[in-house]
Amino acid sequence: MYVVFARKYRPQTFEQVVGQQHVIAALQNAVSSDRVAHAYLFCGSRGVGKTTVARLLAKALNCKQGPTPQPCCECDACRRIAAGSDIDVMEIDGASTRGIDEVRKLRENVALAPARSRFKVYYIDEVHMLTGPAFNALLKTLEEPPPHVKFIFSTTDPQKLPETVRSRCQRFDFHRLSEAEIVGALQQICEREGLKVQDGCLEAIARAARGSMRDALGALDQLGALGDEIALQDVLAILGAVDRRLMAQMANVLAEQDTARALSLLDDALSTGIGVEDFGDQFAQYLRDLLVASYCGTDSAALMGGGVAPAASGLAEQRDLFTTEQLIYMIQLLREAALRARRESTGRLALELAIIRASQLSALVPVQEALEKLDAEPVIARAPAAQAPGPARNAAPSGPNKKGAGTLRRISEKLKASASGARVEPAASATLPEGMNRDEYLRLAASAQDPDVVEDALEDGPLMRAFLRADKELGLNPQRLRRRARADEEALPDQEE
Ligand SMILES: [Zn+2]
């Protein structure tokens, strides 16, 4: 009979558990020092080992050699608990056993002495699903538990538990497993099962599992059923995952601002059957990793790759491709597109637009960057007009027309207001346009925040030239600014979600 990997390789000793060292150490300590609490609350997302650790604790308490932090795994109690068939260790599913009647029955049962073991252990999974009256009934038991009873509750959603219940439990937070931890565990299983996997397969499985060992093992089960040799192509198809190499290529192409190539790469990805939403999510995740790598290095545990070599190696080469602001901006674009794809049939279009905009970063982002920096620094004093030489001087060397004069006055006023806020330096890498100093540039960038100014600039020759001069190096093309402003207006309702 085929036994799924999650069951076949469920850890039988504390040492075999992947991750969660903080929980294991504390529990082993409690057992050896005879300070096991009467109720524990295990919190954490699905598939991170809550049930496994609950069974191990039950074994530690009831092992014939115990209570011991190293249960023997051989005695009757250990075997029965491992099989989930011990009458003194009750596993209850909070989702299906959630009413007052069930909890009343449980309370009656609690009063009885254990049948064969030292302790009766009640493990209630998804305990937050219990009804209000059921919680009240449970609370009475928790207040005065008989000494032979231990409760272990687990939940993916601790906030939904009444405070009265939470406060009576010792709480442990289980972490999502890192990709490195999952890959390590999968490698061992592949060796024992004689499964041959191509490079990158296990990393792709781990990434898609998002910290859940159970999900990762489920995927491996499914792939193992295809044969003893696992190809990356199959893995990606089953997981709905985008090839990491393709994403690395996409990042390069976007950095080169090659829009045509970016669109053709996107088409390649989607033609393999990847969903629009999946691509948006996963590429955003990839850029997020670049962002993390640029700050924390490519061996950071904060990377989704958790420092896994193949995933990290590409990041090392690419982490300086983009500025922080560019990465944040692209991630936002992709997330918006993925959200749209979730709701609309035109999701592909949304994603293509996001990719197009991401491929024209130099035109857009420096402005954004400058504006954000200016926003971050509040205006503390107004500089006198005479001391605030703004781009107005540069903008109108040949004397503006009447309409232009009005626009320049407005800009000048704005510049005066923001003069003392313009102390932020542009990125060190940015080259300033000829004849323009840093402060002037920042002020011009600040004025570009106002869509009306941008509109006016489009109709005013000298002003237009000033913007274009700045655009060459710094991205102040009024056409693009206008498109950007309009797209932002359209995107606004989405952001409120
Ligand atoms: Zn034992």
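The values are calculated or read from the model by the stated rules, or taken from the named source; none is laboratory data. Just so it is clear, the model here is predicted, and its values are computed rather than measured. Counting neighbours? That spans all protein chains shown, and the Cβs are built from the backbone with ideal geometry, glycine included.
When restricted to residues that are touching a residue at least 60 places away in the same chain (Cβ under 8 Å), closer than 19 Å to Leu161 by Cβ and not charged (D, E, K, R), the stretch 95-126 contains 1.
Of everything in the stretch 7-21, what is farther than 13 Å from Ala60 by Cβ and loosely packed, with under 12 Cβ neighbours inside 10 Å? Give them in sequence order. Residues satisfying the conditions are Arg7, Gln21.
If you go through the stretch 193-205 and keep only what is in a strand (DSSP E or B) and exposed (fewer than 15 other Cβ atoms within 10 Å of the Cβ), you end up with just Lys196.
Filtered by the rule that a residue be buried (at least 16 other Cβ atoms within 10 Å of the Cβ), under 16 Å from Ile355 (Cβ atoms) and among the small types (Gly, Ala, Ser), the stretch 237-274 gives Ala248, Ala251, Ala255, Ala262, Ala269. Within the stretch 78-94, if we keep just the residues that are in contact with a strand residue (DSSP E or B) (Cβ under 8 Å, 6 or more places away or on another chain) and of a type outside the set (Asp, Glu), the residue that is farthest from the ligand (Cβ to nearest atom) turns out to be Gly94. Of all residue pairs spaced 6 or more apart or on separate chains, none has beta-carbon atoms under 7 Å together with a first member in the stretch 185-213 that is in the same structural domain as Pro11 (by TED's automatic domain parsing) and a second member that is modelled with pLDDT under 90 and surrounded by fewer than 18 Cβ atoms within 10 Å (Cβ to Cβ). If the condition is being within 9 Å of the ligand (Cβ to nearest atom) and either of a type in the set (Ser, Thr, Tyr) or within 38 Å of the chain's Cα centre (by Cα) (or both), then the stretch 66-77 contributes Thr68, Pro71, Cys73.
Is it the case that some residue within the stretch 326-340 is among the hydroxyl-bearing types (Ser, Thr, Tyr), on the phi < 0 side of the Ramachandran plot, modelled with pLDDT under 80 and in contact with a Lys or Arg (Cβ under 9 Å, 6 or more places away or on another chain)? Quick ask: steps written out before the conclusion?
Our first condition is that a residue be among the hydroxyl-bearing types (Ser, Thr, Tyr); within the stretch 326-340, this holds for 329.
Retained after the next criterion (residues that are on the phi < 0 side of the Ramachandran plot): 329.
Checking which are modelled with pLDDT under 80 leaves us with none.
Scanning the stretch 326-340 turns up no residue that is among the hydroxyl-bearing types (Ser, Thr, Tyr), on the phi < 0 side of the Ramachandran plot, modelled with pLDDT under 80 and in contact with a Lys or Arg (Cβ under 9 Å, 6 or more places away or on another chain).
Looking at (1) out of contact with any strand residue (DSSP E or B) (no Cβ under 6 Å at 6 or more places or on another chain); (2) more than 13 Å from the ligand (Cβ to nearest atom); (3) modelled with pLDDT of 95 or more, which is the only condition Leu56 fails? So Leu56 meets the others, but not (2). Filter the stretch 148-192 for residues that are touching a Lys or Arg at 6+ places or on another chain (Cβ under 8 Å) and among the charged types (D, E, K, R); which is surrounded by the fewest Cβ atoms within 10 Å (Cβ to Cβ)? Among residues in the stretch 148-192 that are touching a Lys or Arg at 6+ places or on another chain (Cβ under 8 Å) and among the charged types (D, E, K, R), the one surrounded by the fewest Cβ atoms within 10 Å (Cβ to Cβ) is Arg176.
Listed here are the residues, each with its yes/no results for (1) over 24 Å from Val165 (Cβ atoms); (2) within 12 Å of the ligand (Cβ to nearest atom); (3) aromatic (Phe, Trp, Tyr).
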site	(1), (2), (3)
Gln20	no, no, no
Val23	no, no, no
Ser32	yes, no, no
Thr51	no, no, no
Leu61	no, yes, no
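Could you tell me whether the stretch 32-44 includes any residue that is of a type in the set (Ser, Thr, Tyr), without any contact (Cβ under 8 Å) to a residue 60 or more places away in the chain and not assigned by TED's automatic domain parsing to the domain that holds Asp215? Yes - at least one qualifying residue is present in the stretch 32-44. Could you tell me whether the stretch 32-48 includes any residue that is crowded, with 22+ Cβ neighbours inside 10 Å, in a helix (DSSP H, G or I) and not hydroxyl-bearing (Ser, Thr, Tyr)? The answer is no; no qualifying residue exists. If the condition is being within 15 Å of Thr51 (Cβ to Cβ) and of a type in the set (D, E, K, R), then the stretch 65-107 contributes Asp86, Glu91, Asp93. There is no residue in the stretch 109-116 that is more than 22 Å from Cys43 (Cβ to Cβ), within 16 Å of the ligand (Cβ to nearest atom) and polar (S, T, N, Q).
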